[in-house]
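Reviewing the structure listed below.
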Amino acid sequence: MQPLSLDDLDSIHALWTNPGVRRFLFDDQIISREQAAAEINESIERFETHGCGLWAARLREDSELIGFCGFRFFHDPPQPQLLYGFHPCHWSKGFATEAARAMIRFGFEQAGLDFVIASADAPNSASLGVMERAGMSFDRQETVNEMDTVYYRLDRRDFTPDTTFYEVSHSDPGNNSRETFMNRREFNRAMVIAAGGYVVAPRQTAPTLRVNGGRIVEHLTALSQFGKNPQGGVSRAAYSEADLLGREYVMGLMRAAGLEVKVDAAGNLVGRRAGSDPALKPLVMGSHIDSVPEGGNFDGDVGSMGAIEVAQTLAENKLTTRHPLEVIIFANEEGGTIGSHSISGEFNEKYFSLVTNSGKTIRDGIKFIGGDPDKLASIRRKPGDIHAYLELHIEQGGILDTEKINIGVVEGIVGITQWEVKIEGFANHAGTTPMNQRRDAMLAAAKFIQAVNQIVTSVPGRQVGTVGKLQAWPGAYNVIPGKVILGLELRDLDAAKVAMLYQKIRDESAAIGKASGTTFDFTETNTIVPAPTDERIRKLIDETAKGLRLTTKAMPSGAGHDAQEIARLGPVGMIFVPSVGGISHSPKEYSRPEDISGGANVLLHTLLRLDAAQLV
Ligand SMILES: [Zn+2]
């Protein structure tokens, strides 16, 4: 057989019409022309079904692979976006050169090609040399990863700086060997994935797709009008008139972002858009728009507007996720994460009669915003019902702001345990009882409070412990306090650490009691178990943020969030953006626009990477 010349590869059609080519390598098998034709037809069918097409073929010539591949993504006609990629796989030295030439000629001249992406291990590699010789000018785009893969965007057709591409590629972080760049099996798998219609986001790359940060700020400003208060903040308590109006506004934004919106039985706003694979579980983003009385315009709102913006950005760029996409604006977060409790199945009937900050009971409140309290069971989801959940939120603390870090990668939402501590001594005359004969419960309480602080700070970590409440009896100037009841609270991500600290506090209280003639009695009044975020998602968030040139810090969330409840159903991740001055639940709450859009971009790209990931 005559070796193929470059001219034989001038067009894709040449592959199929060249009589010198009888055998085709496809998915690691040598197949006949007929089989190859069937493959190509199938991929055209897939294209018609999924909006994404694939051509992949490699030629075997005297056992030397010289191959060619191309894949393309079409989005809605009539303005197809066409993308070709080629890959300098190490197992086929001539591959890139041949492929580059063929695709440049075929692509630019015969197809509506928008741009070509070359990934090469060095700027002067063979494939780029071919492109230069073919008269292509190109801009150096990014030096992307530790492989020194360089992406070039050819300066040829119309595309905006925000045009996004996805390349099927694989590299092994931490391994600089060229040999591991991509093996044949991985390449084939990647190609098959492309044919299946899903977007494979590249690892370690700096993606160009961005949310519209200005639009998020506009939406936040518009939302701030509902329940606006004279202090410059917002009072949009769940189930209030302001909440209802804010929700109407938000539903409009959700619809504009291409989401089909429903109010569920708990009053959650659930916006949904189908994915390309209906068999998959939904990928969920969410937060809340209700506020505490005299709260701010960022707690919950940033994550809600951010999630809607991500959906809108995807819709505008005609990007369909594999997984169905859901944006959930949870009802009544501030009043005990009631909406997410309903979805997780943790809602307790006894909550119905609780009176909320709106003045309404939870039962009446749910009805007021269009839910149906008698049908909460219908919205309950089971563990495994979601692919993953992501929530963008303001930090509500001052660590990121102080340390000038862009993104907090939330390690988990801390568990909270609260105890009522009763200290009993003996109430006696404050004038006649000598100092050495007293059993002063208040004095014991003072020593106890000191001890809590000392114990909590005696071990490394970010655990916190507080005595935030105290009452003494009988409570008179001239009576030695005989009884004190105080409230102790410990928070940490690690329940075992809380248990350890509690034991130390108990031991110390016994010693204080012995020395002061008092007794200590502890009653656990409230426990919220810690909700760690998913380690794989944390890693994705961290890598994604760094890829966007943002600095990150791993940190616990000291405040509760809906993510805590959703963690019962599947893997969750949370992205924090800085709160200026660490202020929250206050009209002075503020996050900078650039931090908000940075966080939303991390949300967007983490979502896309999660969409491509198997999280089983
Ligand atoms: Zn919140």
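None of the figures in this text is laboratory data; all of them are computed from the coordinates on show. The model shown is predicted, which means the values in this text are computed figures rather than measured ones. So basically every Cβ, Gly included, is an ideal-geometry build from the backbone, and we count neighbours across all protein chains shown.
With a cap of 14 neighbouring Cβ atoms within 10 Å, and only residues DSSP puts in a loop, list the trypsin sites (Lys or Arg not before Pro) found in the stretch 469-542.
Sites meeting the loop and neighbour criteria: none at all.
What number, in percent, do you get for the relative contact order of the stretch 415-528 if the mean sequence gap of Cα pairs under 8 Å and at least 6 apart is divided by its residue count?
Computed value for the stretch 415-528: 46 percent relative contact order.
Hey, if you drop one equal point scatterer on each alpha-carbon of the stretch 415-528 and run the Debye formula without solvent, what base-10 log of I(q)/I(0) do you get at q = 0.18, 0.20 Å⁻¹?
-0.84, -0.99
Treating the beta-carbon of each Lys and Arg as +1 and of each Asp and Glu as -1, no other charges, what is the dipole magnitude of the stretch 415-528 about its Cα centre, to the nearest 20 debye?
200 debye
Quick check: from the Cα gyration tensor, does the stretch 287-336 come out rounded (a/c under 1.5), prolate or oblate?
In terms of gyration-tensor shape, oblate.
Would you kindly state how much longer the chain becomes between Q471 and M435 on full extension, computed as 0.36 nm times their sequence separation minus their alpha carbon distance, in nm to one decimal?
Between Q471 and M435, full extension yields an extra 10.8 nm.
FRET efficiency for R549 and E316, Cβ-Cβ distance as r, R0 = 22 Å, nearest 0.05?
0.45
If you bin the C-alpha pair distances of the stretch 364-434 every 5 Å from 0, what whole percents do you get?
3, 8, 10, 8, 9, 12, 12, 10, 7, 6, 6, 5, 4, 1, 0
How much length, in nm to one decimal, is gained on full extension between T523 and N478, taken as 0.36 nm per residue of separation minus their Cα-Cα distance?
13.3 nm
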